[in-house]
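To keep things clear, I will list the structure first and then write my remarks on it.
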Amino acid sequence: MLQVIENIEKVKSRGKKPPPLDTLAQLGTDSLKKKATSKWFTQKLTKELLEIGSPLSKQYKRAYYCNQTLIQHDKNKITSKYCNSRACNLCNRIRTAKMMNGYILPLKELGDLQFVTLTEPNVKESELEECVRNQIKKISNIIEVLRKRRGINVSGIRKLECTINIVFNTYHPHVHLLVNKNCAPEFISEWLKRTPNAKLVAQHYKDADQNSLNELFKYTTKQYEIETENKTLEINVRSLDVILRAYNNKRTFQTFGEIRKIKVNEEVEELESQEYTDLPDYHYMEWEWKNKDWYNKYKEPLSNNIEPNIEIKARNKTYMKWTEKEKGIRQKEIDRNNKKNKENELLKEYQSIKIKYK
Amino acid sequence: METTLTKENLQRILFAMMQIKEIDQSQYFKNYYNEVIERIARLDMNEQVLALEQKRKDNEMSYDETMILKELKRIQNNK
């Protein structure tokens with residue numbers, strides 16, 4: 001990352017504009033292979049998502065056909081159509097890179113930064129959308145109060161994220177913020193003021209470093225769980241759909257304060273062309289996706305991509321098929337809750353006896 | 001996630017909480033406030049115990065300090 005900043009600054013010092021994302025480096029066939037793997041995964045994922053008949057099925061369909069045809073022109077240029085869906089791994093990759101490319105310099109200009117995580121207890125599927133809406137409102141309200149009433153000059157970026165607890169089928173929407181120094185405690189105190197059921201220990205803040213930047217710009221939600229032992233990727237189809245629905249038409253990424261002026265949006269442009277080295281020698285060629293790679297009319301593969309040796313398991317359509325490990329965690333949690341309830345009952349009994357004998 | 005609520009961070013949060021007007025403070029906010037104070041006190045106590053333990057190891061402990069350490073440990077165990 002530092003290298004990227006240095007490169008951009010070098011170019012700036014020469015009096016040129018910093019390069020756009022897609023020409024930061026000449027892309028080789030390796031990056032085409034990565035693109036093919038992403039495409040392969042997106043198709044597997046969206047195929048499962050399409051099966052559940054979600055209201056977002058149109059979006060999933062677009063993601064399924066994202067980068068279906070690549071057009072090679074001018075020998076080393078490839079143009080393709082992007083779907084801009086959050087379910088699409090290909091577009092997510094570009095989105096993340098675009099964000100990083102666009103915001104690292106303005107963030108650096110802000111000086112020392114702090115990384116804040118604001119959380120609320122897990123919610124059920126039916127409450128998720130309202131919770132997310134409330135979180136957006138709360139954050140914008142906090143920013144306004146800090147700026148107008150308290151006179152604090154706050155600048156930064158907020159990002160909404162959501163994780164899943166598969167065992168209990170609950171969702172954990174939370175907010176990540178990257179703010180200028182000494183604003184973080186203010187954010188936490190204002191957040192606690194507006195959130196009666198929050199827990200103090202679950203709120204975090206620390207000085208920002210490279211990891212915090214990565215954390216901020218990564219996905220809105222995890223698309224899969226990796227099981228390294230069995231070489232499987234587990235997709236929680238239903239919960240992923242619930243999250244995507246909750247965050248649909250909402251800005252997960254928003255800047256505020258001085259940083260707002262820089263224009264970088266979340267959108268991935270519909271048509272994008274990229275330059276590659278080592279492409280087959282054609283002036284014009286159409287490459288069509290089939291199973292694991294793009295092929296031309298002569299049935300030549302474009303990236304020589306090998307289908308990953310990974311099994312993809314779509315589960316969690318009913319939430320009832322728990323693994324042994326999950327069953328153990330669930331049982332432990334139930335035992336802990338029972339113990340707590342018993343303790344509370346005993347405490348109540350003890351207090352009532354105490355009152356009697358007073 | 002590892003907690004980032006160090007003594008210094010908690011003190012800053014406490015200071016930020018003190019900036020909120022009394023009229024805006026609800027009951028649950030006061031509970032949070034008390035929790036922050038309690039956590040700072042606990043961390044303070046832990047620091048004190050560690051310092052006294054070090055002194056004991058170095059054989060530089062007075063009788064009063066021994067009694068203080070004993071009392072602090074009793075409080076720690078009760079919690």
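The values are calculated or read from the model by the stated rules, or taken from the named source; none is laboratory data. Remember, predicted model here, so these are calculated numbers, not experimental data. Here the Cβ is made from the backbone with ideal geometry for all residues, glycine too, and neighbour counts use every protein chain on show.
Pairs needed: first member in region A:54-80, surrounded by fewer than 16 Cβ atoms within 10 Å (Cβ to Cβ); second member anywhere, of a type in the set (Ser, Thr, Tyr); C-beta distance under 6 Å; at least 6 residues apart or different chains.
Once the first residue is surrounded by fewer than 16 Cβ atoms within 10 Å (Cβ to Cβ) and sits in region A:54-80, its partners that are of a type in the set (Ser, Thr, Tyr) give A:71/A:79; A:73/A:284; A:76/A:276; A:77/A:273; A:79/A:273.
Taking residue A:216, is it more than 11 Å from every other protein chain (Cβ to nearest Cβ) and in contact with a His (Cβ under 7 Å, 6 or more places away or on another chain)?
Values: more than 11 Å from every other protein chain (Cβ to nearest Cβ): yes; in contact with a His (Cβ under 7 Å, 6 or more places away or on another chain): yes.
Here the answer is yes, as residue A:216 does meet what is asked.
Given the conditions (1) within 14 Å of chain B (Cβ to nearest Cβ); (2) at pLDDT below 80, report the number of the one that residue A:227 does not fulfil.
The single condition residue A:227 does not satisfy is (1).
Listed residues B:15, B:29; which is surrounded by 14 or more Cβ atoms within 10 Å (Cβ to Cβ) and either part of a helix (DSSP H, G or I) or within 12 Å of chain A (Cβ to nearest Cβ) (or both)? Lay out the reasoning, then the answer.
Numbers: B:15 fails: surrounded by 14 or more Cβ atoms within 10 Å (Cβ to Cβ).
Going through B:15, B:29 in turn, the sole match is B:29.
Here are the criteria: (1) within 14 Å of another protein chain (Cβ to nearest Cβ); (2) in contact with a Leu (Cβ under 8 Å, 6 or more places away or on another chain); (3) surrounded by 20 or more Cβ atoms within 10 Å (Cβ to Cβ). Tell me which single one residue A:156 does not satisfy.
(1) is the only condition that residue A:156 fails.
Is there any pair with a first residue in region B:33-44 that is within 10 Å of another protein chain (Cβ to nearest Cβ) and a second that is in a helix (DSSP H, G or I) whose Cβ atoms are under 6 Å apart and which are 6 or more apart or on different chains, and what are they?
As it stands, the answer is B:33/B:17; B:35/A:200; B:36/B:10; B:36/B:13; B:36/B:14; B:39/B:10, since those pairs meet every condition given.
Inspect region A:200-207 for any residue being under 28 Å from residue A:236 (Cα atoms) and away from chain B (no Cβ under 14 Å) and give the result as yes or no.
no
Looking at region A:166-199, which of the residues that are outside any strand (DSSP E or B), among the aliphatic types (A, V, I, L, M) and surrounded by 20 or more Cβ atoms within 10 Å (Cβ to Cβ) is farthest from the other protein chains (Cβ to nearest Cβ)?
Going residue by residue through region A:166-199, those that are outside any strand (DSSP E or B) are A:166-169, A:181-199.
Of the ones still in play, those that are also among the aliphatic types (A, V, I, L, M) are A:166-167, A:184, A:188, A:192, A:198.
Restricting the remaining residues to those that are surrounded by 20 or more Cβ atoms within 10 Å (Cβ to Cβ) gives A:184, A:188, A:192.
Values: A:184: 8, A:188: 5, A:192: 5 Å.
The selected residue is A:184.
Looking at region A:122-139 only, could you name the residues that are assigned to a strand (DSSP E or B) and surrounded by fewer than 18 Cβ atoms within 10 Å (Cβ to Cβ)?
Residues of region A:122-139 assigned to a strand (DSSP E or B): A:123.
Residues satisfying the conditions do not exist here.
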